[in-house]
Structures are given as C-alpha cells and as structure tokens.
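Peer 1: Take a look at the following structure, please.
The values are calculated or read from the model by the stated rules, or taken from the named source; none is laboratory data. In this text the structure is predicted, and so the values were computed from the model without any measurement. As a convention, Cβ positions derive from the backbone with ideal geometry for all residues, glycine included, and neighbour counts pool all protein chains shown. Ligands, DNA and RNA are stripped out before the accessible areas are found, and what is left, the full protein with its side chains, is counted by its heavy atoms. Shrake-Rupley method; radii C 1.70, N 1.55, O 1.52, S 1.80 Å.
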Amino acid sequence: MKGIIMAGGEGSRLRPLTCNLPKPMVPILNKPIMTYSIELLKSYGITDIGVTLQYMPEVIKNYFHDGSDYGVSMKYFIEETPLGTAGSVKNADSFLDETFIVISGDALTDINLKSAIDFHKEKGSIATLILKRVKVPLEYGVVVTNQDSSIQRFLEKPNWGEVFSDTANTGIYILEPEVLNYFEAGVKFDFSKDLFPLLMNKKRPMYGYVSDEYWCDIGSSQTYLSSHLDILSGNTKLLTPSQANKNNIFLGQGVQIDKDAIIEGPCYIGDYCRVYRDAYIGPYSAIGNNCSIGEGTSIKRSVLWDHVVLGNRVEVRSAVICDNVELKNRVSIFEGAVVGSSSKVRDDSTVNPAVKIWPYKTIEEKNIVSNNIIWGSKSSRYLFGKDGIHGTINAEITPHTISRIGAAYGAHLKPGKKVGISSDGNQASVMLKHSMISGLLSAGLEVFDAGQLTTPILRFTVKELALHGGVHIFSLPDKPDEYNIHILDENSGNLTASAERKIENLYLSDDYIMQASENIKRVHALSDIPIFYIRTILDSLNRQIIRKRKLKILLSSPSRMCNYVINKILGEAGCQIKLCSNNMEESMGSGEYDLGCSIEPACESFVLYDEKGSKIDKNNLQATISLIYLKDKPADSMVIPYTAPSTIEKLAQEHNCTINRAKTQRSNIMEQTLKHDEGKNTGKLFPLYFDAVYALAKLVELLSREDRSLSNLTQDIPVIYSKERAVHCPWSAKGQVMRTIIEEESRKDKDIELFEGIKINHENGWALVLPDTEEPVCRVYSEGLKEEYAEELAALYEKRINQINKDQ
C-alpha cells in the first residue's frame, strides 16, 4: 500500500506561526508536524509516500529530500494552482497504482492504520473515511453512518443548525485508485464537497471507520498549544516515555541547567539549551534547540521554538514564542499570545492575552501591547451571529473594531467595489458609521453614504444602484447600549455563511492589505433615497381600493424613518395612521382601530394585532404573510423556512402553489427567496419576508380588496397545533445529542429527514431537533393534529436531550 501526505496547506488560521513557513513545517516538540505523519505511515509498513505540495513547496522538499533519512521513499507532486483536496491527489495519479491511504501533513494522530485498512478490505469499500468523535465539530466535516458503518450523510464545516452528528471527518482516507477516474485532472475538486457526494450518488460502497484513538487538527494557536500538552501528558503514543529522565523531563543533547534552576516535568528541552540560575520551567512546556533562559525567568505551559533568548525575570504564560525571538529583561507574555519569528520585545514590556505579534517586529521598552502588531485580535470566537454582528457600544463594538470590520469586509469584496452604508438616527450609530466608512475606504472601496435609513431601504438602495454590498448600523431601543450591524451582499441579502466565515477569518487574523493613498476612493453622499423607496412601494399598490376602505392603523415603531415612510405610503393611500404611545395590546382593546402593527428595531418584521386587540401568534403571522403572497398570485411556488408550520403547505395547495423549504438561518432563507424572486421575475416574496413596511402595505391592500377584517382573514388559516422549546444543551454535547437521536430513531425505523437538524415524522405529527447557533440550547419544534400530540412530541424529545446530557 502507498501513502499520500497532503502538505499544500498555507495555514492562514495559524498565523503568525505560518508567516514564514508552510503549515506542515510548524514544529511540534522540535520537529515539523509532517514528520509525525511520515513516522506513522512507516510504522505500518507504508514506505512508498507521495507528497502533494502547493504553498512554499521548496521549504518542504529541501527539508525532507527523498525521505531516506526517515527510512521511506518520497516523491513530490506540486500544484501550480490550487486544485482542492481530491484534485491535489489526482495530480499524483501516475504514482497511485494500488490501494492508498491519504493523510494530512498538518494533523497529529496515532490512529491504528492497520485496523482501518483491515476494515476497508473487509467491507470491500471503494473509499473509507476514518472518523473521530469530537465535542465541537464546526471546523470539520460531520458524518452519519448506518448500522453497517456505510456512509449515510456528511456535510463540510456546518454551522450549529446543520450539525447532525459529533462524528468528524479526520481527513484520513483509504481509497481505491479507481476513485480518481470520476473526475478530470487539473480541475479543482474536493473530497468532501465533490468526490464523496458523487460516489454516494452512484451508490458506490463507502464506509466510515470510527476511531477512539488520538487525533488533533492543528487549526489554531490554541490547538497548537494543547497538542503539546496532549503529547507530554501521555495522551498519545507520539512520544516514547523511555526518552524521559526519572522526573519525566525530556532533555536534548548538551543542555546546561544551573543547579539553582527548577525544572518540573513533564516538559521538553531541546539540544544545547542554557537555563540560568533561579529560572523555572513548569510542566507541559516545550523548549526548542539553542535557547537561553535567563536568571529568574519563569515559563509555564508554553512553547518556545529554536534560538529564543529570554532575559532575566521574564514571564511566559501559555504562549508561543517563535524562532529567533529575543525577550529582554522583565518582559511578560500572557495566555494565548504569540510572538512571531525574529521579533524583539524590549525591557519591561507586556504582551496581553491573545495578542499576536507578526514576525520582524520590535516592541519598545515599557510598552503594554493590547492589540496585535500590526494586526489585531478579537476575544470572541465568532464575529457574526444569527442576524449580523451584535454587541455593546464601546465594549464589543468600538470605532476601532468597526473600522477593522470594514477593512475585512472590503478585503473580502476586493478594491474598487461599490458599497452603500447607512445608519439610524442615533448619534452613536452615526459615529460607528463613520468608522465603518474609514475601514471600507482603507480597503480601496468606493463608498455611497445613504444617510439615515432602515435595513430594508438600504437593501432597496443596493439593488437599485447595482452596488456590490451594503452596511446598516442601528441601535436597539429597549437596550440602549446594544447595536446591530447588517452587512449585505450584492443581491441585497445577508451574507452567506461561507462569506461570513471568510470575513471573520480576515478580521481575526487581520490578514488584509491597506491601500496606498492614491487608491483611496471618494465617499458619495446620496440624498432622497427614501423618496424613491416610497414611490416604488406606492406604485406597487392599488391605492384606489385602499382609499375606499380608509383603514385606521395603530402604529408602533422605534424608527423615525420607518414612521415617516409608513405615513407617506399609507397616508397617501388614504389610511389613518396613529402612533401608539402606550401599551399596544391595551390601546387595540378599545376597538377604535382596524389593525395594530408593532415594527421591530430592524424594520424587517412586525407583530400584528387584529381589530379585537388579539395578538397574531408567530405561526399564524407566518401564514398570514404567506397568504398575502398566495392571494396576489404572482407565481406557482414559494419559499418558506424549514420550521414554518405545515398550515402554509395547506394554504399553498388551495392556491395551486408548491412549497420549497429553506434552512432556517436568515442568510439561507434570503438566498433561496432572492433566487425564487429572480426566477419567477416577481420580486414580491423577498420584501414580504424582510421589509415590514412593504408587508404592512400589502396586508392593508389585501384587507381593502377583500373588504375583510384581520381576524376574519386569519380564519382562512387551517388549525395546526405546534410547540417550540429551548432545551439546555452544552456546546460540547450538541453533536453527540444529534448523533444519538439519529441512531435511536434509525433503529426504530422511523421516517427521518436530515435537511436541517433532525426531523422525525410520527403518525400524528412531527418533531424537529435543531441545535441553536448562538446559545447552548437545542430547539425542539413539534406539530400535531391535536394540541396534546404536539405537546407529547415536544416533551418526548426534551426528555431525550436531557437524558443524553445527563449520560454524558
């Protein structure tokens, strides 16, 4: 059997560790990560090894040469342009004339390859994926297997709403050469995204081998540090205990340790290091070759590369110090910090937690470094939430962070693109808008300042002016210090999850280029945008019918712009609008109004009250909006969220309309709805879902046209009983919860859907278990023909989730 090591990774998430070298060359206990992959293959008799290269290939070739120093034979296959994981292996097609194993050059594992290979042969598999249970599977592909271990489903890098298992794809595959015949050479092709789905569609035998042995993907500086702890603590077979002395200290050649220095194992000290008087090296620390540790210096749970010089009284805490770094006297480096190669930190300076310093930087004496040099960091794991970016003013959201977000977004779009920007009337929002403009300009974008708008009006602006994106910043009136940022794509929808992830990575690493002064574009001030927006909506309405009805509407909105446009649109159409100054439900109870509408802060959705003062519940509100669309008969199909009630399907059947369900993340619903509107050439469904003003105007038109009250209109909606529960579930347990429920329901031969979360169809209804993307909960949605059925299903899966959490 032959081996393939994929070693083309650039390792952008690991920067600054990978600024000067490819990711497979990052050292773990003084030898490149890739060395461990070579040693693993060799230990199972696999000595004929091909290596796929793309980023800085000469660094790897010049280090390993032909592999003879490691007892193997190595051949290199270089991609001129990135070909994807499968495409890079296809590039070695001439070498692969027998069963072969693919392994990453930048992951650590001691998985028993013989057991996996025997499993592959026993199953007669064309492709065997080696799998591993993990607590948080977001950065990996997740896999579901059937009881016979055949692959049932997998998804690359899901969000929490898509997590259906805690079983991760390790990227280690045992493959038959024929799999490479399913696609052309020189074409970008991935294993998980392209090849494996293709093989599944063709019903080829694919299996998953689940290992409980050690595997660690070195994807961040945190996992890089933790991998050293794993090895030194004996959690892997990657370090031989016999190499250590009686105190569990691994010493290289020619190490000099002063008699008054304190060394506590387990730790690793490389060749020709010098440790001076009163120095302390604590457990789980790894010191490279030719390092000097000054008097009274203290190192705890940290990694030092080669040729590092630490002065006297230096403190290093859970940090990474790259090669040729010099830390002068009394320097402090704190948890999660990284100091890049050939950098210098002068006397009495401090590098705060999680700060990253790029190579060749100098920190002058008595400095406190709180931001990355020159780049920055963010304490939160994720930048984007369910609905854009959210945070507290001058805490998570500051002018500085907003400028960086603008620069990252600009880098994603590329220089020269045109972006619209707006805010609400809050002064802090305006301040943040100007900071965002600075960041966008620094990235070389052309900015169109639309002034004070709402998100829906900015969406209208992006579409009408054919801009490449947009940003709207607004406050939350009920939480005066809380602010939201909506970032739009060229279609005026929210960014896709993939785009969010790219911008997030750019922001966290600050790996973007600031443009030269001659490339800075101008800011264009736009005026009268609301007037064009108002006129567009008025032109879509039958104002004559609305004028005849003269509906009285009680309106509550936190946005002055929203109040203005509603009054202009519905006022001109003949409605009487009164702003609600008290409790909406109490005011509607007077019977004076035909309709009550409370607009939410983003001005994208609303809460409705009928003429009797009754609030329209969530499911009936969704159905009412769908009914507006169906009665307008613009098309023979429509898009609804996956969690939407089946009453909408019944309504659609009555109007000869088919339903397409979209995943519940807002960006997914927007993307599918925009495609629908474009395909049907109507442009009506998207604003109904995401523009409260337009939806309210169309509702008023419908009530006027049919001369009905809102309570009468909602009588058209079939009665279906539904429940929704939020069940506490730690982040680390979500994948296991999903996998366990799938396995249990599969054994019962239940009808399961894995479009999003797990939907289990029962005789009298259905239940959906969906991990929340922002909170440590799993949401349970249920629906039944009777209320007790819906309640019973919700209680059943709530109990099951709690039991799985307890068992864990």
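Peer 1: Of the peptides 344-352, 202-210, 441-449, how do they stack up when ordered by the mean number of other Cβ atoms within 10 Å, highest first?
Peer 2: Order by mean packing, descending: 441-449, 344-352, 202-210.
Peer 1: Pick out, in residue order, every one of the trypsin sites (Lys or Arg not before Pro) in segment 661-751 that is DSSP loop and has at most 15 other C-beta atoms within 10 Å; say none if there are none.
Peer 2: Arg708, Lys748, Lys750
Peer 1: Longer than 26 Å from Cα to Cα, which of Lys568/Lys698; Lys675/Lys698; Lys2/Lys135; Lys550/Lys633 are they? Say none if no pair is.
Peer 2: Result: Lys2/Lys135 exceed 26 Å.
Peer 1: A follow-up question, please. Taking the full set of protein chains and a 1.4 angstrom probe, give the accessible area of Ser527 in square angstrom, rounded to the nearest 10.
Peer 2: Taking all protein chains as shown, Ser527 has close to 80 Å².
Peer 1: Just grab the label-to-label distance for Asp478 and Leu785, each label 7 Å out from Cα along the Cβ direction, in nm (one decimal).
Peer 2: In this crude label model, Asp478 to Leu785 measures out at 3.8 nm.
Peer 1: Along the positive direction of the dipole of the chain (beta-carbon charges: Lys, Arg +1; Asp, Glu -1; about the Cα centre), which of Asn62, Met25, Ser343 reaches farthest?
Peer 2: Final value for the positive-end residue is Ser343.
Peer 1: Compute the relative contact order of segment 14-173 as a whole-number percentage, counting only Cα pairs closer than 8 Å that sit 6 or more residues apart in sequence.
Peer 2: 19
Peer 1: Take the Cβ-Cβ distance between Ser517 and Leu465 as r, set R0 to 30 Å, and report the resulting FRET efficiency rounded to the nearest 0.05.
Peer 2: Using R0 = 30 Å, I get an efficiency of 0.70.
Peer 1: Under a Cβ-Cβ cut-off of 14 Å, what is the net charge of the residues other than Lys114 that fall near it, where Lys and Arg count +1 and Asp and Glu count -1?
Peer 2: -1
Peer 1: I've got another one for you. Return a whole-number percent for the relative contact order of the chain, with Cα pairs under 8 Å and 6 or more residues apart as the contact set.
Peer 2: So the answer I get is 8 percent.
Peer 1: Mind pulling the angle between the C-alpha long axis of helix 427-442 and the longest principal axis of the chain? Nearest 10 degrees, somewhere in 0 to 90.
Peer 2: Result, in degrees: 50.
Peer 1: State the percent of C-alpha pairs, over all pairs in segment 491-630, separated by a distance greater than 26 angstrom.
Peer 2: Summing the P(r) tail past 26 Å for segment 491-630 gives 43 percent.
Peer 1: If you place +1 on the Cβ of every Lys and Arg, -1 on the Cβ of every Asp and Glu, and leave all else neutral, what size is the dipole of segment 302-350 about its Cα centre, to the nearest 20 Debye?
Peer 2: 160
Peer 1: Out of the GluC sites (Glu not before Pro) in segment 92-157, which ones are loop residues according to DSSP with at most 11 other C-beta atoms within 10 Å?
Peer 2: Glu98
Peer 1: Roughly how many Å² is the accessible area per residue of segment 179-271, as a whole number, for a 1.4 Å probe?
Peer 2: About 52 Å² of surface per residue is accessible.
Peer 1: Mind checking segment 672-776 for chymotrypsin sites (Phe, Trp or Tyr not before Pro) that DSSP puts in a loop (not H, G, I, E or B) and that have at most 14 other Cβ atoms within 10 Å?
Peer 2: Those satisfying the criteria are Phe755.
Peer 1: Treat every Asp and Glu Cβ in the chain as -1 and every Lys and Arg Cβ as +1, leave all other atoms uncharged, and give the resulting dipole magnitude about the Cα centre to the nearest 20 debye.
Peer 2: Roughly 920 debye for the chain.
Peer 1: Quickly estimate the mean residue ellipticity at 222 nm for the chain, helices only: each DSSP H run with n ≥ 4 gives -39500 (n - 2.57), and the total goes over all residues, rounded to 500.
Peer 2: Theoretical 222 nm ellipticity from helices: -9000 deg cm²/dmol.
Peer 1: Apply 1/(1 + (r/R0)^6) to the Cβ-Cβ distance of Ser115 and Lys75, taking R0 = 30 Å, and write down the FRET efficiency to the nearest 0.05.
Peer 2: Rounded to the nearest 0.05, the efficiency is 0.65.
Peer 1: Post the alpha-carbon centroid distance, segment 382-410 to segment 1-68, in whole angstrom.
Peer 2: About 36 Å separates the Cα centre of segment 382-410 from the one of segment 1-68.
Peer 1: Oh, and also: For the chain, with the dipole built from +1 on Lys and Arg beta-carbon atoms and -1 on Asp and Glu ones, taken about the Cα centre, which of Leu754, Ile101, Pro718 lies farthest toward the positive end?
Peer 2: After comparing all options, I get Pro718.
Peer 1: Then there's this: Enter the Cα centre distance for the pair segment 514-560 and segment 588-602, rounded to the nearest angstrom.
Peer 2: Result: 22 Å between the Cα centres.
Peer 1: Then there's this: Add +1 for every Lys or Arg and -1 for every Asp or Glu among the other residues with Cβ under 15 Å from the Cβ of Leu710, and state the total.
Peer 2: -2
Peer 1: Using 0.36 nm per residue, how much length does the chain from His728 to Asp539 gain when fully extended, once their Cα-Cα distance is taken away?
Peer 2: 63.2 nm
Peer 1: How much length, in nm to one decimal, is gained on full extension between Asp751 and Asp66, taken as 0.36 nm per residue of separation minus their Cα-Cα distance?
Peer 2: So the chain would gain 241.2 nm between Asp751 and Asp66.
Peer 1: Right, next: By how many degrees, 0 to 90 and rounded to 10, does the Cα axis of helix 734-747 deviate from the longest principal axis of the chain?
Peer 2: With both axes taken from Cα atoms, the answer is about 80 degrees.
Peer 1: R0 = 51 Å: FRET efficiency of Ser527 with Ala795, Cβ-based, nearest 0.05?
Peer 2: 0.35
Peer 1: Once phi is turned into ³J(HN,Hα) by the Karplus curve 6.51 cos²θ - 1.76 cosθ + 1.60 with θ = phi - 60°, what whole-Hz value does each residue of segment 287-304 show in order, with x for glycine and proline?
Peer 2: Working through the residues one at a time gives 10, x, 7, 6, 9, 10, 10, x, 4, x, 7, 10, 10, 10, 6, 10, 10, 10 Hz.
Peer 1: If you don't mind, there's one more thing I want to ask. Which stretch or stretches of segment 291-319 have amide N atoms under 17 Å from the point lying 7 Å from Asp348's Cα along the Cα→Cβ direction?
Peer 2: 311-315
Peer 1: Let me know the shape class of segment 677-808, please: from the alpha-carbon gyration tensor, a ≥ b ≥ c as square roots of the eigenvalues, rounded when a/c is under 1.5, otherwise prolate if a/b is greater than b/c, or oblate.
Peer 2: Prolate shape, in that a/c is at least 1.5 and a/b is the bigger ratio.
Peer 1: To the nearest 20 Debye, how big is the dipole of segment 56-119 about its Cα centre, given +1 on the beta carbon of each Lys and Arg and -1 on that of each Asp and Glu?
Peer 2: 60
Peer 1: If I fit a long axis through the Cα atoms of helix 221-232 and take the longest principal axis of the Cα atoms of the chain, what angle between them do I get, 0 to 90°, rounded to 10?
Peer 2: The helix 221-232 is inclined about 40 degrees to the chain.
Peer 1: While we're looking at this one, here's another question. Name the residue farthest towards the positive end of the dipole of the chain from the options Asn352, Ser556, Gln653, assuming +1 on Cβ of Lys and Arg, -1 on Cβ of Asp and Glu, about the Cα centre.
Peer 2: Ser556
Peer 1: At 0.36 nm per residue, minus the direct Cα-Cα distance, what do Arg560 and Lys414 gain on full extension? Give it in nm, one decimal, please.
Peer 2: Answer, rounded to one decimal: 49.1 nm.
Peer 1: Cα to Cα, under 18 Å, and not fewer than 8 places away if on the same chain: which lysines meet these conditions relative to Lys246?
Peer 2: Lys259
Peer 1: Moving on. Counting pairs of alpha carbon atoms under 8 Å apart in space and at least six apart in sequence, what relative contact order in percent does segment 33-120 give?
Peer 2: 40
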